[in-house]
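No lab work stands behind these numbers, since they all come straight from the coordinates. Model, not experiment: these values are computed from the prediction. We place every Cβ from the backbone using ideal geometry, glycine too, and count neighbours over all the protein chains shown.
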Amino acid sequence: MKNIKPWMIVIVIVAILFFWGKGFNNSAVDYQADAKTEWADVESAYQRRADLIPNLVATVKGYAEHERETLEGVINARSQATKTTIDASNLTAENMAQFQQAQQGLSGALSRLLVTVERYPDLKADQSFLELQSQLEGTENRINVSRDRFNDAVNIYDKHIKRFPGNMFAGMLGFDEMPRYKSAAGSENAPDVEF
């Protein structure tokens, strides 16, 4: 014990802090990158839905030419939804709310289109329409799974940066809480569907 110098203790403490800080930082970087990747998957799923819409509109247009207002509504909502994107490094609650609002507009327009289709028995039996409708339903499921995975990744990241003692260093190292994807206001209420 007599051979232990105070500077040796300081070096050991500094080394422990360095390696702990390095591990904390690297884990936070990994978790943050995972959450950003999951966000990209959310956007990809929404893009897949947007890509299906022109074919769906074209199919419906052939049967329901006088439903122009509904078809234009879907086209305009799709245009708005595809313009609204978020850089994964700038995920804020406000940006996510804008993204979600644009997607809600598209979801509403699609709902109105599918309600309109009920008036056209020939269209409902059309193989192209049935296939597109099936793909759209599958895409909606993919969107939901992607949003859930994004929220799971954000949860892991947020817990990592908020736990003691990492929470003391997270802010200094530039790690801030990430927003989760939340349901839209009023989505807990079933929509009114009229035929």
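Axis angle, to the nearest 10 degrees, between helix 6-63 and the longest C-alpha principal axis of the chain: 0 degrees. Compared with the dominant principal axis of the Cα atoms in the chain, helix 68-83 is inclined by about 20°.
Spin-label pair M172-D148: with each label point 7 Å from Cα along the Cα-Cβ axis, the two points sit 4.0 nm from one another. Counting only Cα atoms, the stretch 1-55 measures 82, 12, 6 Å along its principal axes, largest extent leading. According to the Cα-based calculation, Rg over Rh for the stretch 6-170 is 1.25, with Rh computed by the Kirkwood formula.
For Y63, Y31, what's the fewest-to-most ordering of other Cβ within 10 Å of each Cβ?
On the way: Y63 16, Y31 21.
Placing the least packed residue first, the sequence is Y63, Y31.
For the stretch 6-170, the Cβ-based charge dipole about the Cα centre amounts to some 520 debye (Lys, Arg positive; Asp, Glu negative; other atoms uncharged).
If I take R0 = 35 Å and measure r between the Cβ atoms of T82 and A33 in this structure, what FRET efficiency does the formula 1/(1 + (r/R0)^6) give, to the nearest 0.05? Show your work: numbers first, answer last.
Working: r = 25 Å, r/R0 = 0.72.
Efficiency at R0 = 35 Å is approximately 0.90.
Working value for the stretch 1-102: equivalent-ellipsoid semi-axes of 58, 12, 6 Å, each the square root of 5 times a Cα gyration tensor eigenvalue, largest first.
Holding the Cα-Cα limit at 22 Å, pick out from K22/K182; K36/K83; K83/K182 the pairs that are longer than that. Before the final figure, lay out each step's value.
On the way: K22/K182 32 Å; K36/K83 19 Å; K83/K182 20 Å.
The pairs that break the limit, which is 22 Å between Cα atoms, are K22/K182.
Computed from Cα atoms, the angle from the helix 93-117 axis to the main principal axis of the chain rounds to 20 degrees.
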